[in-house]
Every structure is written in C-alpha cells, then in structure tokens.
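Here, each number is a calculation from the coordinates, and none is a lab measurement. Because the structure is predicted, anything quoted here is derived from the model rather than measured. Positions of Cβ are backbone-derived with ideal geometry, glycine not excepted, and every protein chain shown enters the neighbour counts.
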Amino acid sequence: MKPTVAPFPATRLRRMRQSPALRAMMRENTVTPDDLIWPVFVMAGEDDETPVASMPGVVRRTVDRIAQAAVEAQSLGIPAICIFPYTGMEARTEDCAEAWNPDNLTNRAIRAIKDVAPDIAVMTDIALDPYNINGHDGFVEDGEIVNDRTVEALVKMGLAQAEAGADILGPSDMMDGRIGALRTALESEGHQNVTILSYTAKYASAFYGPFRDAVGASAALKGDKNTYQMNPGNSDEALRLVERDLMEGADMVMVKPGMPYLDICRRVKDSFGVPTFAYQVSGEYAMIQAAAQNGWLDHDKVMMESLMSFKRAGCDGVLTYFAPAAARLMQG
Ligand code: PBG
C-alpha cells in the first residue's frame, strides 16, 4: 500500500508532530512490559550471585535468588522469564547426561519459580552446549556435529523441562527435525499444552560472545557453530526455516540476534503472521551498556529506543537482558 501524500502545503507532516498530544495520537508502535522476556543465568550454591564481567548489570544467581528474581519480574509485569544454566566443569561430559537430569540447575529453577511466582511463564533453552565438554550444541563424533542422535537427546532434555513445569520450551540448537520430534514426544507424554518457541532463524553470530562467558562455554568451545547456525548473509533461508518449524509444530518463532537482523523479523512477520520474537542478545546488550558507562549514550533512552525497534519490525516481543530495567522505567 502506497501512503497518500498531497502536495505541500496541503500536507505538512510536521503538523502532527507539534505537540505531545498529537504525537501520542500518531504513535504507531508501543513497548509495554508485556513485550518482554527476561533471560536469567542460574548457578549452583545458595543465596549468592556473581557478576558477568562482559555484561555489566547482569549476574548469575543461585536457584533461591532466581526465585526472588521471578517474584520481582512478576511485580514488574514481565510475563516470562527464560533460564540459562551455568554448569560446573564436572557436569560437562561427552554424553551430556546432565542435560536431562530432572534435578539439574534449570529444572530446579523451574520448580522454584513455579512455587513462588505461578503467574510467570517459564521458558527454557534446549541445546547441549552448557553440558557438553566441547561447548557445542550437539554431540561431536569424529569432529562432526551429528544431527539425529543430538535430536534424541534434545527430546529427553525438553521432556525433563516440561516435567519440571516449563511453559515454553526454547530449542536453540538449530538441529534439523528437532521441533517435530519434540512436539511428538510432548503429545505422547501428556504435555499437550507446553508451547515451543523455536529459535528458528538463529545466525552464527559473534554477538553471542558475552553470553558464552556468562554460561562458561567460551573456553570450552572448540571451533565454530557454522555447520548448524545460519550464515549471516542469508535471508530467504530464514523463511524456509520458519515454514519448516511451523509445519513441525512450533507455536512461536524467533530471530536471533535482534538489532542486526530486524530485516529478518519484518520478513518473517509479513510472510507468516505468526507470533514472532527476537532475541536482543548479549553482545547487543554489552554494546549499549559499555557506551552508556562511558557517558557516550543515554542509557535509558537508547534502551527504550532499541526495544521499540523490535516492535516496529513486527515482533510480538523480545528476549532482553534489559527487561527488569525497562519494566521499572515504564512503571515510573
Ligand atoms: C546456546 C545459546 C546461545 C545463546 C542462547 N542460547 C549461544 C550460542 O548459540 O552459542 C546466546 C544468547 C546471547 O548471546 O545472549 N545454544
């Protein structure tokens, strides 16, 4: 649709920008706490937290502190929290068995949140990297990241999370066939109402650097993730992946990273009209925090403007480490 613009001076677009009232009437997009999913890092121990050096303002929390954070999120009107584990070196093995341990950090955190903040939707991450001795999202055999055996393990991992009470499963591994396998298993095990937010268009990005520090995977990772994550040069492939994941039973899809891939968000939303999310990843957060700490950018304004960009690009919501700060700001 082409917008109609009468010639000047019949049209003076500044007329509608002249006062706060007219600007408010003209606003096309809004950000509210409803749009936010808050990623948090859980670690072993009790009543403790440690800062993540490359993500100023972000901490790893023990399970009890995660529960407190969920209560805070609930009071701020944040609808969902997403759990990532910082696994001790001893629990990282070649067979990744800790990934489907019903008492691993993630599953304990799910139950702890459900006990104290039942209104919050709990999202998880499904991938083997926090449990894998070599830092990859899948099993490695003779230097190859193998697909089908990995999918079987991811299904076990997802079922354990559903069993613990997760509302939203987030497969972030980029193996082929994992959404269908997971959906089939959820249906047959009585978890018909567990939703899947697929990391559908996940790019092999250097913007994940600080996250890999946060979960302790940087040192472990051997090689790169280019054989399973997407090539940053691709756009049409994202639409094929979205179509594939929807056919396999995904309820929601995600584009990741966020700000450098807003064009993909818009294409996905326009092409499919399905619930579309973006992940404003660790590197995006770190860039803004670093510039703000130097006094180069206005933290609050840039944070909110960055969140608005996702709404404008067609996203229904965004995973962001800014979630509590943004929600607090919006609460006033
Ligand atoms: C693990 C996973 C990653 C992120 C979310 N899940 C890292 C990776 O794929 O290497 C990145 C999140 C961020 O950078 O904030 N599969």
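Under the convention that each Lys and Arg Cβ holds +1 and each Asp and Glu Cβ holds -1, the size of the dipole of segment 31-330 around its Cα centre is about 700 debye. Projecting the Cα positions of SER205, ALA181, ALA219 onto the charge dipole of segment 31-330 (unit charges on Cβ atoms of Lys, Arg, Asp and Glu, taken about the Cα centre) puts SER205 furthest along the positive direction. Derived scalar couplings between HN and Hα for segment 300-306 equal 5, 5, 5, 4, 5, 5, 5 Hz in order, rounded to whole Hz, by the Karplus curve 6.51 cos²θ - 1.76 cosθ + 1.60 (θ = phi - 60°), x for Gly and Pro.
Of ASN101, ASN294, ASN134, which has the largest mean-square fluctuation in a 10 Å C-alpha GNM of the chain? Residue with maximal mean-square fluctuation among ASN101, ASN294, ASN134: ASN294. Considering only trypsin sites (Lys or Arg not before Pro) in DSSP loops that have at most 13 other Cβ atoms within 10 Å, the longest stretch of the chain without any of them is 28-221. Stretching ALA121 away from ARG27 to a fully extended chain increases their span by 30.9 nm, per 0.36 nm per residue minus the current alpha-carbon distance. Comparing GLY135, GLY216, GLY233 in a Gaussian network model of the chain (Cα springs below 10 Å), the most mobile by mean-square fluctuation is GLY233. Classify segment 31-330 from the C-alpha gyration tensor, please: rounded if a/c falls under 1.5, else prolate or oblate depending on whether a/b exceeds b/c. Rounded, since a/c falls under 1.5. Using a Förster distance of 51 angstrom, determine the FRET efficiency expected from the C-beta separation of PHE8 and ASN226, and round it to 0.05. Working from the Cβ atoms, E equals 0.50. Taking GLU305, GLU141, GLU163 as the candidate residues, the one with maximal mean-square fluctuation in a Gaussian network model of the chain, Cα springs under 10 Å, is GLU141. Calculation over all alpha carbon pairs of segment 182-303 in 10 angstrom steps from 0 returns a P(r) of 12, 34, 32, 18, 3, 0 percent. The long axis of helix 282-293 is offset from the longest Cα principal axis of the chain by roughly 50 degrees. With the Cα gyration tensor of segment 46-205 giving a ≥ b ≥ c as the square roots of its eigenvalues, does the rule (a/c under 1.5 for rounded; else a/b larger than b/c for prolate; else oblate) give rounded, prolate or oblate? It is oblate, given that a/c is not under 1.5 and a/b is not larger than b/c.
The residue list VAL318, ALA10, GLY249 was ranked by how far each Cα lies along the charge dipole of the chain toward its positive end, using unit charges on Cβ atoms, and ALA10 comes out on top. Taking the charge dipole of the chain about its Cα centre, with +1 at Lys and Arg Cβ atoms and -1 at Asp and Glu Cβ atoms, the residue from PHE139, ALA99, PRO171 reaching farthest to the positive side is PRO171.
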